[in-house]
1. If the requirement is being closer than 30 Å to residue 366 by Cβ and small (Gly, Ala, Ser), which of these qualifies: 411, 503?
2. If a residue must be open to solvent by 10 Å² or more (accessible area, probe 1.4 Å), within 14 Å of residue 501 (Cβ to Cβ) and among the β-branched types (Val, Ile, Thr), how many such residues does the stretch 7-35 contain?
3. Taking the stretch 402-424 only, how many residues are touching a residue at least 40 places away in the same chain (Cβ under 8 Å) and farther than 30 Å from residue 358 by Cα?
4. Only one of (1) in contact (Cβ under 8 Å) with a residue 24 or more places away in the chain; (2) open to solvent by 10 Å² or more (accessible area, probe 1.4 Å) fails for residue 445. Which number is that?
5. So, residue 326, is that one in a helix (DSSP H, G or I), open to solvent by 60 Å² or more (accessible area, probe 1.4 Å), of a type in the set (A, V, I, L, M, F, W, C) and out of contact with any strand residue (DSSP E or B) (no Cβ under 9 Å at 6 or more places or on another chain) or not?
6. For residues in the stretch 77-104 being in a loop (DSSP other than H, G, I, E, B) and either polar (S, T, N, Q) or within 18 Å of residue 2 (Cα to Cα) (or both), which is most open to solvent (accessible area, probe 1.4 Å)?
7. Out of the residues in the stretch 433-460 meeting the condition of being assigned to a loop (DSSP other than H, G, I, E, B) and more than 17 Å from residue 489 (Cα to Cα), tell me which one is nearest to the chain's Cα centre (by Cα).
8. Are any residues in the stretch 36-68 open to solvent by less than 40 Å² (accessible area, probe 1.4 Å), over 15 Å from residue 125 (Cβ atoms) and assigned to a helix (DSSP H, G or I), and if so, which ones?
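The values are calculated or read from the model by the stated rules, or taken from the named source; none is laboratory data. Nothing here was measured: the structure is a model prediction, and the numbers come from that model. Virtual Cβ from ideal backbone geometry, glycine too; neighbours counted across all protein chains shown. Protein only, heavy atoms only, side chains kept; ligands, DNA and RNA dropped before computing areas. Shrake-Rupley method; radii C 1.70, N 1.55, O 1.52, S 1.80 Å.
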Amino acid sequence: MLRKLHIQNYAIIDEIEFDLSPRLNIITGETGAGKSILMGALSLILGDRADSAALLHRDRKCIIEGYFNIAGKKELQQFFVTNDLDTDGDDLVIRREIAVSGKSRAFVNDTPVNLEQLRQLSAMLVDLHQQFDTLSLADSDFQRQVLDALAGNASLLQQYQLNYQQWQQGSKSLLALQEEKKQFAATYDYNKFLYEELEEAAFKENELEDLDNELRLLSNAEGIKTALSAVSFELNEGEQPLVQQLKRLLQQLQPYSSYHTALPDLLLRLQSAQIELADIASEVEHINDHVQYDAKRIDFISDRIATGYRLLKKHNARDTTELLQLQQALSDKLAAVLNIDDAIAAKEKETQALFAAAQDKAALLSKNRKKQVKPLEDKVNALLQQVGMPNARLKVDMQELVAGALGENGADRIDFLFDANKSQRFEPIRKVASGGELSRLMLCIKSLVAQSLDLPTMIFDEIDTGISGEAAKQVGIIMKALAAKRQVISITHQPQIAGKADAHFFVYKEVKANAIKTNIRLLTQEERINAIARMLSGEKPTAAAMENAREMLTN
(Lines give C-alpha, C1' and ligand atoms only; values in the text may rest on other atoms or scores of the structure.)
Protein backbone atom coordinates (compact mmCIF):
# COMPACT_ATOMS: atom_id res chain seq x y z
CA MET A 1 0.00 0.00 0.00
CA LEU A 2 1.26 3.50 -0.90
CA ARG A 3 1.13 5.47 2.35
CA LYS A 4 2.67 8.73 1.23
CA LEU A 5 3.97 10.42 -1.90
CA HIS A 6 6.58 13.20 -1.84
CA ILE A 7 7.44 15.15 -5.01
CA GLN A 8 10.04 17.89 -5.23
CA ASN A 9 11.11 20.01 -8.22
CA TYR A 10 9.17 18.06 -10.85
CA ALA A 11 7.49 19.77 -13.87
CA ILE A 12 5.37 22.56 -12.34
CA ILE A 13 5.45 21.02 -8.86
CA ASP A 14 7.77 22.86 -6.48
CA GLU A 15 7.19 20.51 -3.55
CA ILE A 16 4.15 18.56 -2.39
CA GLU A 17 3.62 15.70 0.03
CA PHE A 18 0.39 13.94 0.86
CA ASP A 19 -0.78 10.83 2.72
CA LEU A 20 -3.14 8.38 1.05
CA SER A 21 -6.01 6.29 2.37
CA PRO A 22 -5.69 2.49 2.37
CA ARG A 23 -9.03 2.35 0.52
CA LEU A 24 -10.44 4.46 -2.36
CA ASN A 25 -8.44 7.60 -3.15
CA ILE A 26 -9.98 9.94 -5.74
CA ILE A 27 -8.01 12.76 -7.37
CA THR A 28 -9.89 15.50 -9.19
CA GLY A 29 -9.08 18.96 -10.46
CA GLU A 30 -9.52 21.24 -13.41
CA THR A 31 -8.13 20.28 -16.80
CA GLY A 32 -4.46 21.25 -16.93
CA ALA A 33 -4.13 21.58 -13.17
CA GLY A 34 -1.46 18.87 -13.09
CA LYS A 35 -3.23 15.58 -12.36
CA SER A 36 -1.31 13.84 -15.13
CA ILE A 37 1.90 15.31 -13.72
CA LEU A 38 1.24 13.42 -10.49
CA MET A 39 0.99 10.20 -12.48
CA GLY A 40 4.19 11.07 -14.32
CA ALA A 41 6.02 11.51 -11.04
CA LEU A 42 4.60 8.26 -9.70
CA SER A 43 5.66 6.47 -12.88
CA LEU A 44 9.26 7.45 -12.19
CA ILE A 45 9.40 5.55 -8.91
CA LEU A 46 7.79 2.63 -10.75
CA GLY A 47 10.71 2.45 -13.19
CA ASP A 48 9.92 4.78 -16.10
CA ARG A 49 12.87 6.50 -17.78
CA ALA A 50 13.75 9.97 -16.58
CA ASP A 51 14.53 13.21 -18.44
CA SER A 52 16.15 16.40 -17.14
CA ALA A 53 13.40 18.32 -18.97
CA ALA A 54 11.15 17.33 -16.05
CA LEU A 55 13.08 19.62 -13.65
CA LEU A 56 11.23 22.74 -12.58
CA HIS A 57 14.38 24.48 -11.32
CA ARG A 58 17.37 23.61 -13.49
CA ASP A 59 19.86 24.33 -10.71
CA ARG A 60 18.78 21.54 -8.36
CA LYS A 61 17.79 17.92 -8.60
CA CYS A 62 14.32 16.42 -8.67
CA ILE A 63 13.30 13.96 -5.94
CA ILE A 64 10.28 11.66 -5.91
CA GLU A 65 9.69 9.37 -2.92
CA GLY A 66 7.04 6.76 -2.35
CA TYR A 67 6.46 5.37 1.15
CA PHE A 68 4.88 1.92 1.15
CA ASN A 69 3.51 -0.44 3.77
CA ILE A 70 4.44 -4.00 2.80
CA ALA A 71 3.05 -5.97 5.74
CA GLY A 72 2.27 -9.57 4.76
CA LYS A 73 4.01 -9.41 1.37
CA LYS A 74 6.14 -12.57 1.53
CA GLU A 75 7.17 -12.39 -2.13
CA LEU A 76 8.80 -9.03 -1.40
CA GLN A 77 10.98 -10.60 1.28
CA GLN A 78 12.27 -13.05 -1.31
CA PHE A 79 12.95 -10.17 -3.70
CA PHE A 80 15.00 -8.39 -1.02
CA VAL A 81 17.04 -11.54 -0.33
CA THR A 82 17.64 -12.23 -4.03
CA ASN A 83 18.76 -8.66 -4.70
CA ASP A 84 20.71 -8.24 -1.43
CA LEU A 85 18.56 -5.35 -0.21
CA ASP A 86 17.95 -4.25 3.36
CA THR A 87 14.44 -4.28 4.81
CA ASP A 88 12.98 -2.03 7.44
CA GLY A 89 10.14 -4.05 8.90
CA ASP A 90 6.85 -3.30 7.18
CA ASP A 91 8.08 0.00 5.72
CA LEU A 92 9.57 0.47 2.28
CA VAL A 93 10.82 3.70 0.72
CA ILE A 94 11.48 4.03 -3.00
CA ARG A 95 13.32 7.19 -4.06
CA ARG A 96 14.12 8.44 -7.55
CA GLU A 97 16.47 11.34 -8.15
CA ILE A 98 17.08 13.23 -11.40
CA ALA A 99 20.26 15.28 -11.42
CA VAL A 100 20.68 18.59 -13.25
CA SER A 101 22.69 16.69 -15.88
CA GLY A 102 19.70 14.42 -16.54
CA LYS A 103 21.30 11.38 -14.94
CA SER A 104 18.90 9.54 -12.66
CA ARG A 105 19.39 7.23 -9.69
CA ALA A 106 17.00 4.95 -7.86
CA PHE A 107 17.10 3.78 -4.24
CA VAL A 108 15.20 1.18 -2.24
CA ASN A 109 15.52 1.86 1.50
CA ASP A 110 18.56 4.03 0.64
CA THR A 111 20.28 1.20 -1.27
CA PRO A 112 20.98 1.98 -4.95
CA VAL A 113 19.15 -0.23 -7.47
CA ASN A 114 19.01 -0.34 -11.27
CA LEU A 115 15.87 0.34 -13.31
CA GLU A 116 15.17 -3.34 -13.98
CA GLN A 117 15.22 -4.09 -10.26
CA LEU A 118 12.95 -1.10 -9.66
CA ARG A 119 10.47 -2.30 -12.29
CA GLN A 120 10.41 -5.82 -10.83
CA LEU A 121 9.77 -4.44 -7.36
CA SER A 122 7.14 -1.91 -8.42
CA ALA A 123 5.21 -4.61 -10.31
CA MET A 124 4.68 -6.29 -6.94
CA LEU A 125 3.52 -3.04 -5.36
CA VAL A 126 1.46 -1.07 -7.87
CA ASP A 127 -0.79 -1.90 -10.81
CA LEU A 128 -0.92 1.33 -12.82
CA HIS A 129 -3.73 1.47 -15.37
CA GLN A 130 -3.40 4.54 -17.56
CA GLN A 131 -5.66 5.87 -20.27
CA PHE A 132 -3.94 3.94 -23.06
CA ASP A 133 -3.15 0.76 -21.09
CA THR A 134 -6.37 -0.71 -22.46
CA LEU A 135 -4.26 -1.78 -25.45
CA SER A 136 -2.91 -4.59 -23.26
CA LEU A 137 -6.44 -5.96 -23.09
CA ALA A 138 -6.05 -6.98 -26.74
CA ASP A 139 -2.79 -8.78 -25.96
CA SER A 140 -3.22 -12.56 -25.97
CA ASP A 141 -0.76 -13.02 -23.12
CA PHE A 142 -2.75 -10.65 -20.91
CA GLN A 143 -5.91 -12.56 -21.78
CA ARG A 144 -4.20 -15.82 -20.82
CA GLN A 145 -3.07 -14.25 -17.55
CA VAL A 146 -6.68 -13.35 -16.73
CA LEU A 147 -7.83 -16.96 -17.09
CA ASP A 148 -4.83 -18.24 -15.13
CA ALA A 149 -5.51 -15.79 -12.33
CA LEU A 150 -9.13 -16.85 -12.08
CA ALA A 151 -8.14 -20.54 -12.28
CA GLY A 152 -5.48 -20.23 -9.58
CA ASN A 153 -2.88 -21.58 -12.00
CA ALA A 154 0.12 -19.62 -10.65
CA SER A 155 1.92 -22.53 -8.98
CA LEU A 156 1.02 -25.04 -11.69
CA LEU A 157 2.10 -22.63 -14.43
CA GLN A 158 5.45 -22.13 -12.68
CA GLN A 159 5.95 -25.91 -12.54
CA TYR A 160 4.97 -26.25 -16.19
CA GLN A 161 7.34 -23.49 -17.30
CA LEU A 162 10.20 -25.19 -15.45
CA ASN A 163 9.34 -28.47 -17.21
CA TYR A 164 9.02 -26.67 -20.53
CA GLN A 165 12.40 -24.97 -20.17
CA GLN A 166 14.03 -28.28 -19.19
CA TRP A 167 12.45 -29.94 -22.23
CA GLN A 168 13.67 -27.16 -24.51
CA GLN A 169 17.19 -27.38 -23.09
CA GLY A 170 17.10 -31.17 -23.45
CA SER A 171 15.94 -30.83 -27.05
CA LYS A 172 18.80 -28.45 -27.80
CA SER A 173 21.28 -30.87 -26.24
CA LEU A 174 19.81 -33.74 -28.27
CA LEU A 175 20.06 -31.70 -31.47
CA ALA A 176 23.68 -30.88 -30.65
CA LEU A 177 24.46 -34.58 -30.11
CA GLN A 178 22.79 -35.51 -33.39
CA GLU A 179 24.74 -32.79 -35.21
CA GLU A 180 27.91 -33.99 -33.51
CA LYS A 181 27.19 -37.52 -34.74
CA LYS A 182 26.83 -36.21 -38.30
CA GLN A 183 30.19 -34.50 -38.03
CA PHE A 184 31.74 -37.64 -36.53
CA ALA A 185 30.33 -39.75 -39.32
CA ALA A 186 31.71 -37.38 -41.95
CA THR A 187 35.25 -37.68 -40.57
CA TYR A 188 35.12 -41.17 -39.06
CA ASP A 189 36.77 -43.05 -41.95
CA TYR A 190 39.55 -40.49 -42.29
CA ASN A 191 40.20 -40.41 -38.54
CA LYS A 192 40.20 -44.20 -38.48
CA PHE A 193 42.80 -44.27 -41.29
CA LEU A 194 45.01 -41.78 -39.43
CA TYR A 195 44.70 -43.71 -36.20
CA GLU A 196 45.48 -47.09 -37.78
CA GLU A 197 48.50 -45.57 -39.53
CA LEU A 198 49.88 -44.38 -36.19
CA GLU A 199 48.87 -47.58 -34.43
CA GLU A 200 50.72 -49.63 -37.08
CA ALA A 201 53.82 -47.49 -36.59
CA ALA A 202 53.55 -48.30 -32.87
CA PHE A 203 56.02 -45.70 -31.67
CA LYS A 204 57.12 -45.70 -28.05
CA GLU A 205 57.81 -42.63 -25.94
CA ASN A 206 60.93 -40.75 -27.24
CA GLU A 207 61.60 -43.55 -29.76
CA LEU A 208 62.47 -41.33 -32.72
CA GLU A 209 64.84 -39.25 -30.64
CA ASP A 210 66.57 -42.39 -29.27
CA LEU A 211 66.78 -43.96 -32.74
CA ASP A 212 68.34 -40.80 -34.13
CA ASN A 213 71.08 -40.97 -31.50
CA GLU A 214 71.64 -44.68 -32.17
CA LEU A 215 71.88 -44.11 -35.92
CA ARG A 216 74.57 -41.49 -35.46
CA LEU A 217 76.50 -43.94 -33.27
CA LEU A 218 76.24 -46.81 -35.73
CA SER A 219 77.10 -44.61 -38.66
CA ASN A 220 80.39 -43.66 -36.94
CA ALA A 221 81.12 -47.10 -35.40
CA GLU A 222 84.35 -47.77 -37.30
CA GLY A 223 85.96 -44.46 -36.41
CA ILE A 224 84.83 -44.78 -32.80
CA LYS A 225 86.32 -48.32 -32.52
CA THR A 226 89.62 -47.17 -34.06
CA ALA A 227 89.91 -44.34 -31.54
CA LEU A 228 88.92 -46.56 -28.61
CA SER A 229 91.43 -49.24 -29.63
CA ALA A 230 94.23 -46.67 -29.82
CA VAL A 231 93.40 -45.32 -26.39
CA SER A 232 93.18 -48.81 -24.90
CA PHE A 233 96.54 -49.78 -26.44
CA GLU A 234 98.32 -46.72 -25.04
CA LEU A 235 96.88 -47.28 -21.58
CA ASN A 236 97.54 -51.03 -21.31
CA GLU A 237 99.72 -52.49 -24.11
CA GLY A 238 102.16 -49.89 -25.49
CA GLU A 239 105.93 -49.97 -25.11
CA GLN A 240 105.41 -47.93 -21.96
CA PRO A 241 101.74 -48.39 -20.89
CA LEU A 242 100.56 -45.37 -18.95
CA VAL A 243 98.92 -47.42 -16.21
CA GLN A 244 102.16 -49.34 -15.59
CA GLN A 245 104.27 -46.16 -15.67
CA LEU A 246 102.19 -44.63 -12.88
CA LYS A 247 102.52 -47.84 -10.89
CA ARG A 248 106.36 -47.74 -11.19
CA LEU A 249 106.44 -44.09 -10.16
CA LEU A 250 104.47 -44.95 -7.02
CA GLN A 251 106.89 -47.76 -6.18
CA GLN A 252 109.92 -45.39 -6.55
CA LEU A 253 108.49 -42.79 -4.14
CA GLN A 254 106.98 -45.19 -1.62
CA PRO A 255 110.22 -45.87 0.41
CA TYR A 256 110.77 -42.13 1.04
CA SER A 257 107.26 -41.16 2.13
CA SER A 258 108.24 -40.85 5.78
CA TYR A 259 111.10 -38.44 5.10
CA HIS A 260 109.06 -35.55 3.81
CA THR A 261 105.69 -34.31 5.03
CA ALA A 262 104.39 -33.58 1.52
CA LEU A 263 105.15 -37.04 0.09
CA PRO A 264 102.24 -39.00 1.67
CA ASP A 265 99.67 -36.66 0.08
CA LEU A 266 101.48 -36.76 -3.22
CA LEU A 267 101.56 -40.57 -3.15
CA LEU A 268 97.79 -40.64 -2.47
CA ARG A 269 97.16 -38.42 -5.46
CA LEU A 270 99.36 -40.60 -7.72
CA GLN A 271 97.57 -43.69 -6.44
CA SER A 272 94.17 -42.10 -7.19
CA ALA A 273 95.31 -41.12 -10.68
CA GLN A 274 96.60 -44.65 -11.32
CA ILE A 275 93.32 -46.21 -10.15
CA GLU A 276 91.26 -43.75 -12.25
CA LEU A 277 93.41 -44.39 -15.32
CA ALA A 278 93.03 -48.14 -14.87
CA ASP A 279 89.26 -47.71 -14.61
CA ILE A 280 89.21 -45.59 -17.77
CA ALA A 281 91.17 -48.29 -19.59
CA SER A 282 88.63 -50.90 -18.50
CA GLU A 283 85.67 -48.74 -19.58
CA VAL A 284 87.29 -48.06 -22.95
CA GLU A 285 87.67 -51.79 -23.54
CA HIS A 286 84.06 -52.37 -22.52
CA ILE A 287 82.75 -49.71 -24.88
CA ASN A 288 85.00 -50.96 -27.66
CA ASP A 289 83.62 -54.47 -27.25
CA HIS A 290 80.01 -53.24 -27.61
CA VAL A 291 80.45 -50.82 -30.50
CA GLN A 292 79.72 -52.82 -33.61
CA TYR A 293 78.90 -51.74 -37.13
CA ASP A 294 75.56 -53.39 -38.00
CA ALA A 295 74.35 -52.67 -41.52
CA LYS A 296 71.01 -54.41 -40.98
CA ARG A 297 70.37 -52.41 -37.83
CA ILE A 298 71.27 -49.20 -39.66
CA ASP A 299 68.80 -50.05 -42.43
CA PHE A 300 66.08 -50.85 -39.88
CA ILE A 301 66.64 -47.59 -37.96
CA SER A 302 66.78 -45.54 -41.16
CA ASP A 303 63.44 -46.98 -42.31
CA ARG A 304 61.92 -46.42 -38.87
CA ILE A 305 63.13 -42.80 -38.72
CA ALA A 306 61.89 -42.17 -42.27
CA THR A 307 58.44 -43.43 -41.27
CA GLY A 308 58.52 -41.27 -38.17
CA TYR A 309 59.64 -38.10 -39.96
CA ARG A 310 56.96 -38.63 -42.62
CA LEU A 311 54.29 -38.81 -39.90
CA LEU A 312 55.77 -35.83 -38.06
CA LYS A 313 55.56 -33.74 -41.20
CA LYS A 314 52.08 -35.04 -42.07
CA HIS A 315 50.65 -34.09 -38.67
CA ASN A 316 52.81 -31.00 -38.16
CA ALA A 317 54.18 -32.56 -34.97
CA ARG A 318 57.54 -31.81 -33.38
CA ASP A 319 58.46 -35.06 -31.69
CA THR A 320 57.35 -38.58 -30.78
CA THR A 321 55.39 -37.31 -27.76
CA GLU A 322 53.14 -35.15 -29.95
CA LEU A 323 52.55 -38.08 -32.33
CA LEU A 324 51.47 -40.26 -29.41
CA GLN A 325 49.19 -37.48 -28.12
CA LEU A 326 47.60 -37.23 -31.57
CA GLN A 327 47.12 -40.99 -31.64
CA GLN A 328 45.31 -40.83 -28.27
CA ALA A 329 43.13 -37.95 -29.46
CA LEU A 330 42.13 -39.91 -32.57
CA SER A 331 41.39 -42.94 -30.39
CA ASP A 332 39.12 -40.77 -28.21
CA LYS A 333 37.28 -39.45 -31.30
CA LEU A 334 36.71 -42.95 -32.61
CA ALA A 335 35.49 -44.07 -29.19
CA ALA A 336 33.17 -41.05 -29.06
CA VAL A 337 31.55 -42.18 -32.31
CA LEU A 338 30.81 -45.51 -30.72
CA ASN A 339 29.57 -43.88 -27.49
CA ILE A 340 27.49 -41.09 -29.02
CA ASP A 341 24.68 -43.45 -30.04
CA ASP A 342 24.29 -44.39 -26.37
CA ALA A 343 24.35 -40.72 -25.41
CA ILE A 344 21.71 -39.88 -28.04
CA ALA A 345 19.49 -42.74 -26.89
CA ALA A 346 19.76 -41.61 -23.26
CA LYS A 347 19.06 -37.97 -24.17
CA GLU A 348 16.06 -38.97 -26.33
CA LYS A 349 14.62 -40.91 -23.40
CA GLU A 350 15.21 -37.99 -21.03
CA THR A 351 13.69 -35.47 -23.48
CA GLN A 352 10.62 -37.62 -24.08
CA ALA A 353 10.06 -37.90 -20.33
CA LEU A 354 10.34 -34.11 -19.92
CA PHE A 355 7.95 -33.54 -22.82
CA ALA A 356 5.43 -35.99 -21.37
CA ALA A 357 5.62 -34.26 -17.97
CA ALA A 358 5.13 -30.86 -19.63
CA GLN A 359 2.19 -32.21 -21.64
CA ASP A 360 0.52 -33.50 -18.46
CA LYS A 361 0.85 -30.12 -16.77
CA ALA A 362 -0.26 -28.31 -19.94
CA ALA A 363 -3.38 -30.50 -20.05
CA LEU A 364 -4.17 -29.62 -16.43
CA LEU A 365 -3.62 -25.92 -17.16
CA SER A 366 -6.02 -26.17 -20.10
CA LYS A 367 -8.60 -27.99 -17.98
CA ASN A 368 -8.44 -25.31 -15.28
CA ARG A 369 -8.68 -22.52 -17.85
CA LYS A 370 -11.69 -24.06 -19.60
CA LYS A 371 -13.53 -24.21 -16.28
CA GLN A 372 -13.17 -20.42 -15.99
CA VAL A 373 -14.29 -19.49 -19.50
CA LYS A 374 -18.06 -19.56 -18.92
CA PRO A 375 -17.96 -17.94 -15.44
CA LEU A 376 -15.69 -15.19 -16.78
CA GLU A 377 -18.01 -14.50 -19.71
CA ASP A 378 -21.08 -14.42 -17.47
CA LYS A 379 -19.55 -12.18 -14.82
CA VAL A 380 -17.96 -9.74 -17.26
CA ASN A 381 -21.16 -9.47 -19.30
CA ALA A 382 -23.13 -8.77 -16.14
CA LEU A 383 -20.65 -6.08 -15.15
CA LEU A 384 -20.77 -4.59 -18.65
CA GLN A 385 -24.50 -4.05 -18.22
CA GLN A 386 -23.82 -2.48 -14.85
CA VAL A 387 -21.40 0.07 -16.34
CA GLY A 388 -23.75 1.16 -19.10
CA MET A 389 -23.00 -1.34 -21.87
CA PRO A 390 -26.17 -3.49 -21.86
CA ASN A 391 -25.71 -4.71 -25.43
CA ALA A 392 -22.03 -5.58 -25.13
CA ARG A 393 -20.83 -9.17 -24.82
CA LEU A 394 -17.46 -10.75 -24.18
CA LYS A 395 -16.68 -14.19 -25.55
CA VAL A 396 -13.54 -16.20 -24.75
CA ASP A 397 -12.21 -18.25 -27.64
CA MET A 398 -9.84 -20.92 -26.35
CA GLN A 399 -8.17 -23.12 -28.94
CA GLU A 400 -5.42 -25.70 -28.81
CA LEU A 401 -2.13 -24.77 -30.42
CA VAL A 402 -1.00 -26.94 -33.32
CA ALA A 403 -1.86 -30.50 -32.29
CA GLY A 404 0.67 -31.80 -29.80
CA ALA A 405 2.57 -28.52 -29.68
CA LEU A 406 3.55 -26.72 -26.51
CA GLY A 407 4.24 -23.07 -25.87
CA GLU A 408 5.85 -21.16 -23.04
CA ASN A 409 2.55 -20.96 -21.19
CA GLY A 410 0.95 -24.26 -22.17
CA ALA A 411 -0.93 -25.65 -25.14
CA ASP A 412 -3.65 -22.97 -25.52
CA ARG A 413 -4.28 -19.96 -27.73
CA ILE A 414 -6.69 -17.58 -26.01
CA ASP A 415 -8.56 -14.71 -27.68
CA PHE A 416 -11.06 -12.34 -26.09
CA LEU A 417 -13.77 -11.58 -28.66
CA PHE A 418 -16.20 -8.66 -28.36
CA ASP A 419 -19.62 -7.76 -29.67
CA ALA A 420 -20.69 -4.24 -28.72
CA ASN A 421 -24.24 -4.33 -30.15
CA LYS A 422 -25.71 -7.85 -29.88
CA SER A 423 -24.86 -8.42 -33.52
CA GLN A 424 -23.70 -11.98 -32.78
CA ARG A 425 -20.59 -11.13 -34.73
CA PHE A 426 -17.75 -11.51 -32.26
CA GLU A 427 -14.43 -10.00 -33.33
CA PRO A 428 -11.07 -9.60 -31.61
CA ILE A 429 -11.24 -6.77 -29.10
CA ARG A 430 -8.58 -4.70 -30.81
CA LYS A 431 -10.72 -4.49 -33.96
CA VAL A 432 -14.12 -3.54 -32.60
CA ALA A 433 -13.97 -1.90 -29.16
CA SER A 434 -13.75 1.88 -28.76
CA GLY A 435 -11.52 3.58 -26.20
CA GLY A 436 -14.34 4.08 -23.71
CA GLU A 437 -15.55 0.52 -24.16
CA LEU A 438 -12.06 -0.82 -23.64
CA SER A 439 -11.66 1.20 -20.44
CA ARG A 440 -14.87 -0.13 -18.92
CA LEU A 441 -14.16 -3.67 -20.12
CA MET A 442 -10.70 -3.53 -18.53
CA LEU A 443 -12.18 -2.30 -15.26
CA CYS A 444 -14.71 -5.15 -15.24
CA ILE A 445 -12.01 -7.74 -15.88
CA LYS A 446 -9.59 -6.30 -13.35
CA SER A 447 -12.29 -6.20 -10.70
CA LEU A 448 -12.80 -9.95 -11.21
CA VAL A 449 -9.11 -10.78 -11.30
CA ALA A 450 -8.53 -8.72 -8.15
CA GLN A 451 -10.83 -11.12 -6.28
CA SER A 452 -8.60 -14.05 -7.24
CA LEU A 453 -5.21 -12.42 -6.66
CA ASP A 454 -3.57 -10.33 -4.02
CA LEU A 455 -3.15 -7.48 -6.48
CA PRO A 456 -1.05 -4.52 -5.30
CA THR A 457 -2.23 -0.95 -5.11
CA MET A 458 -4.41 -0.32 -8.17
CA ILE A 459 -4.20 3.06 -9.90
CA PHE A 460 -6.64 4.15 -12.60
CA ASP A 461 -5.71 7.23 -14.60
CA GLU A 462 -8.86 8.59 -16.27
CA ILE A 463 -10.27 5.13 -16.95
CA ASP A 464 -13.72 6.72 -17.00
CA THR A 465 -13.14 8.41 -20.37
CA GLY A 466 -16.29 8.46 -22.49
CA ILE A 467 -18.85 7.65 -19.78
CA SER A 468 -21.17 9.65 -17.56
CA GLY A 469 -24.39 9.41 -15.60
CA GLU A 470 -25.47 5.96 -14.40
CA ALA A 471 -22.51 4.24 -16.09
CA ALA A 472 -20.11 6.46 -14.19
CA LYS A 473 -21.97 5.73 -10.98
CA GLN A 474 -21.61 2.00 -11.55
CA VAL A 475 -17.90 2.40 -12.28
CA GLY A 476 -17.63 4.15 -8.94
CA ILE A 477 -19.49 1.30 -7.23
CA ILE A 478 -17.08 -1.22 -8.76
CA MET A 479 -14.07 0.84 -7.65
CA LYS A 480 -15.55 1.13 -4.16
CA ALA A 481 -15.96 -2.65 -4.01
CA LEU A 482 -12.40 -3.12 -5.22
CA ALA A 483 -11.16 -0.76 -2.51
CA ALA A 484 -12.78 -2.81 0.24
CA LYS A 485 -9.77 -5.18 0.20
CA ARG A 486 -7.01 -3.12 -1.41
CA GLN A 487 -5.89 0.42 -2.05
CA VAL A 488 -7.33 2.08 -5.16
CA ILE A 489 -6.19 5.43 -6.54
CA SER A 490 -8.17 7.01 -9.37
CA ILE A 491 -7.93 10.25 -11.32
CA THR A 492 -11.39 11.10 -12.58
CA HIS A 493 -13.56 13.81 -14.11
CA GLN A 494 -16.79 12.09 -13.06
CA PRO A 495 -18.65 13.38 -9.98
CA GLN A 496 -20.40 10.01 -9.58
CA ILE A 497 -16.99 8.33 -9.09
CA ALA A 498 -15.63 11.14 -6.91
CA GLY A 499 -18.59 10.69 -4.60
CA LYS A 500 -17.44 7.17 -3.70
CA ALA A 501 -14.04 8.28 -2.36
CA ASP A 502 -12.73 7.43 1.07
CA ALA A 503 -10.20 10.23 0.52
CA HIS A 504 -10.82 12.97 -2.05
CA PHE A 505 -7.77 14.97 -3.21
CA PHE A 506 -8.02 18.14 -5.24
CA VAL A 507 -5.22 19.23 -7.60
CA TYR A 508 -5.01 22.93 -8.32
CA LYS A 509 -2.72 25.62 -9.66
CA GLU A 510 -1.59 28.61 -7.68
CA VAL A 511 0.66 31.58 -8.38
CA LYS A 512 3.73 31.89 -6.18
CA ALA A 513 6.52 34.38 -6.81
CA ASN A 514 5.12 35.13 -10.28
CA ALA A 515 5.25 31.44 -11.18
CA ILE A 516 2.45 28.92 -11.61
CA LYS A 517 2.81 25.90 -9.32
CA THR A 518 0.74 22.74 -8.92
CA ASN A 519 -0.45 21.78 -5.46
CA ILE A 520 -2.75 19.19 -3.93
CA ARG A 521 -4.87 19.02 -0.79
CA LEU A 522 -7.17 16.58 0.93
CA LEU A 523 -10.73 17.94 0.87
CA THR A 524 -12.95 18.18 3.91
CA GLN A 525 -16.53 16.94 3.71
CA GLU A 526 -17.88 20.40 2.88
CA GLU A 527 -15.09 21.01 0.33
CA ARG A 528 -15.96 17.70 -1.32
CA ILE A 529 -19.59 18.79 -1.70
CA ASN A 530 -18.47 22.03 -3.38
CA ALA A 531 -15.97 20.23 -5.63
CA ILE A 532 -18.50 17.63 -6.78
CA ALA A 533 -21.16 20.32 -7.29
CA ARG A 534 -18.74 22.26 -9.54
CA MET A 535 -18.09 19.04 -11.49
CA LEU A 536 -21.86 18.76 -11.97
CA SER A 537 -22.79 22.33 -12.94
CA GLY A 538 -19.74 24.54 -13.36
CA GLU A 539 -17.68 27.02 -11.40
CA LYS A 540 -20.74 28.50 -9.65
CA PRO A 541 -22.79 25.48 -8.63
CA THR A 542 -26.56 25.78 -8.25
CA ALA A 543 -28.46 24.81 -5.14
CA ALA A 544 -29.67 21.73 -7.00
CA ALA A 545 -26.12 20.77 -7.82
CA MET A 546 -25.11 21.19 -4.17
CA GLU A 547 -27.99 18.97 -3.07
CA ASN A 548 -27.12 16.42 -5.73
CA ALA A 549 -23.49 16.41 -4.51
CA ARG A 550 -24.61 15.72 -0.93
CA GLU A 551 -26.66 12.79 -2.15
CA MET A 552 -23.66 11.38 -4.01
CA LEU A 553 -21.61 11.45 -0.83
CA THR A 554 -24.25 9.65 1.20
CA ASN A 555 -25.26 6.99 -1.36
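1. Going through 411, 503 in turn, the sole match is 411.
2. Final tally of qualifying residues: 0.
3. Total meeting the criteria: 0.
4. Unmet condition: (2).
5. On the way: in a helix (DSSP H, G or I): yes; open to solvent by 60 Å² or more (accessible area, probe 1.4 Å): no; of a type in the set (A, V, I, L, M, F, W, C): yes; out of contact with any strand residue (DSSP E or B) (no Cβ under 9 Å at 6 or more places or on another chain): yes.
In short, no.
6. So the first thing to find is which residues in the stretch 77-104 are in a loop (DSSP other than H, G, I, E, B), and the list is 83-87, 89-90, 99-103.
Still in the running and either polar (S, T, N, Q) or within 18 Å of residue 2 (Cα to Cα) (or both): 83, 87, 89-90, 101.
Values: 83: 36, 87: 70, 89: 51, 90: 82, 101: 99 Å².
It comes out as 101.
7. Start the filter on the stretch 433-460 by keeping residues that are assigned to a loop (DSSP other than H, G, I, E, B), which leaves 433-434, 453-456.
Retained after the next criterion (residues that are more than 17 Å from residue 489 (Cα to Cα)): 433-434, 453.
Numbers: 433: 37, 434: 38, 453: 27 Å.
Only one residue tops the list, namely 453.
8. Within the stretch 36-68, 37, 38, 39, 40, 41, 52, 54 meet the criteria.
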